[in-house]
1. Against the conditions (1) small (Gly, Ala, Ser); (2) in contact (Cβ under 8 Å) with a residue 12 or more places away in the chain; (3) in a helix (DSSP H, G or I), where does Gly46 fall short? Just the number, please.
2. Please verify whether the range 73-81 includes one or more residues that are closer than 30 Å to Glu138 by Cα, out of contact with any Leu (no Cβ under 6 Å at 6 or more places or on another chain), of a type outside the set (A, V, I, L, M, F, W, C) and assigned to a loop (DSSP other than H, G, I, E, B).
3. When you go through Glu157, Glu111, Glu145 one by one, which is the residue that is at pLDDT 90 or above and in a helix (DSSP H, G or I)?
4. Can we say Val221 is free of Cβ contacts under 8 Å to residues at least 24 places away in the same chain and either in contact with a helix residue (DSSP H, G or I) (Cβ under 6 Å, 6 or more places away or on another chain) or in the same structural domain as Ser194 (by TED's automatic domain parsing) (or both)?
5. Restricting the range 19-61 to residues that are surrounded by 11 or more Cβ atoms within 10 Å (Cβ to Cβ) and polar (S, T, N, Q), which is farthest from the chain's Cα centre (by Cα)?
6. Looking at Ala67 and the list (1) in a helix (DSSP H, G or I); (2) aliphatic (A, V, I, L, M); (3) within 17 Å of the chain's Cα centre (by Cα), which single condition is not satisfied?
7. Going by the structure shown, is Ser39 in a helix (DSSP H, G or I), among the hydroxyl-bearing types (Ser, Thr, Tyr) and touching a residue at least 60 places away in the same chain (Cβ under 8 Å)?
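The values are calculated or read from the model by the stated rules, or taken from the named source; none is laboratory data. Bear in mind that the values here come from a model prediction, so they are computed numbers and not experimental data. We place every Cβ from the backbone using ideal geometry, glycine too, and count neighbours over all the protein chains shown.
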Amino acid sequence: MTGLHLTEQQWSQASGGFAHAGLGLRSCARHALAAYLASFGASLDGCRELGPQFNAADVLASPEVLAALEAFNAQLPPAQRLTVAAALALKLSQLLDQAAWDTLAPATPSERAVLRSEAGLGARAFLAALPSGRTRMEKASFVAELRFRLGLPDAAEDTWCPKCDAVLDRFSHHAASASCVAGASMQVGAAAESYARHKEDHLGTAAACQAQGVQFAPMVVETTGHWEAGASRTLNQIAGAVAARTGAEPGPLHDSLLQELSVVVRSFRARAALRRRAELET
């Protein structure tokens, strides 16, 4: 459907959850053991109700359960391996996502910056949006954003940007670049945080507003759709105010707002990248 050809590492990222910069495309082979152990643990109480003679301890010590646990633990770092009791009480797929995320971390600063930004709540909202109305994305833009999220290059090598006298890198980071890559590679939302503080300090705007009894709230979003913390709180307040006025639930309203904004931001970034590539071909 997308025409994307992924490497093994990119498939690993795609199989992760949205919160780990993935696409939620679960690998049956990777998550089968987690599903087996989770289902097994969830059925124990029902088994006790059906049969008073049911002995959970004997079942938990069975070769099948122990073999499944051993194979599952082999996918985790040694320090995170679990006992049977712990495995049945935890959300195992999240542990696999975290383990895969940790293997993605040793990358270049720009790659780490994209990964951390993509893990943000607003950055992944476009993936949960219904492709209809204000949350519909053009196919080319959607595929371009999948490429950006998974780190697929748009070209074989770097070239000159047709819009300015600068290098257009093969991943098209230039079309949505930030000057604080080092910080963004270490902390989620660092680029948005840095620019929000710049907006507050510029011409003493925040201080001038405060002197007049007004709170200055810069609305800063990264090109992935990840919002600065203060802006994120403002969006929550907007959703809450609309919910109070309409009687709707604030949670779904906030989700819809994030999805609409995510589609707008990511469509703009995708068009900026696609426009540059198209001009290079003419």
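1. Result: Gly46 passes all but (2).
2. First, the residues of the range 73-81 that are closer than 30 Å to Glu138 by Cα: none.
Looking through the range 73-81, none of the residues is closer than 30 Å to Glu138 by Cα, out of contact with any Leu (no Cβ under 6 Å at 6 or more places or on another chain), of a type outside the set (A, V, I, L, M, F, W, C) and assigned to a loop (DSSP other than H, G, I, E, B).
3. Numbers: Glu157 fails: in a helix (DSSP H, G or I); Glu111 fails: at pLDDT 90 or above.
Answer to the selection: Glu145.
4. Here the answer is no, as Val221 does not meet what is asked.
5. Among those that are surrounded by 11 or more Cβ atoms within 10 Å (Cβ to Cβ) and polar (S, T, N, Q), it is Asn55.
6. Looking at each condition in turn, Ala67 falls short on (3).
7. Details: in a helix (DSSP H, G or I): yes; among the hydroxyl-bearing types (Ser, Thr, Tyr): yes; touching a residue at least 60 places away in the same chain (Cβ under 8 Å): no.
Answer is no for this residue.
A quick yes/no check of all residues on (1) hydroxyl-bearing (Ser, Thr, Tyr); (2) farther than 28 Å from Val114 by Cβ; (3) not assigned by TED's automatic domain parsing to the domain that holds Gln98:
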| position | (1), (2), (3) |
| --- | --- |
| Ser15 | yes, no, no |
| Ala21 | no, no, no |
| Leu25 | no, no, no |
| Leu33 | no, yes, no |
| Leu37 | no, yes, no |
| Gly41 | no, yes, no |
| Gly46 | no, yes, no |
| Gly51 | no, yes, no |
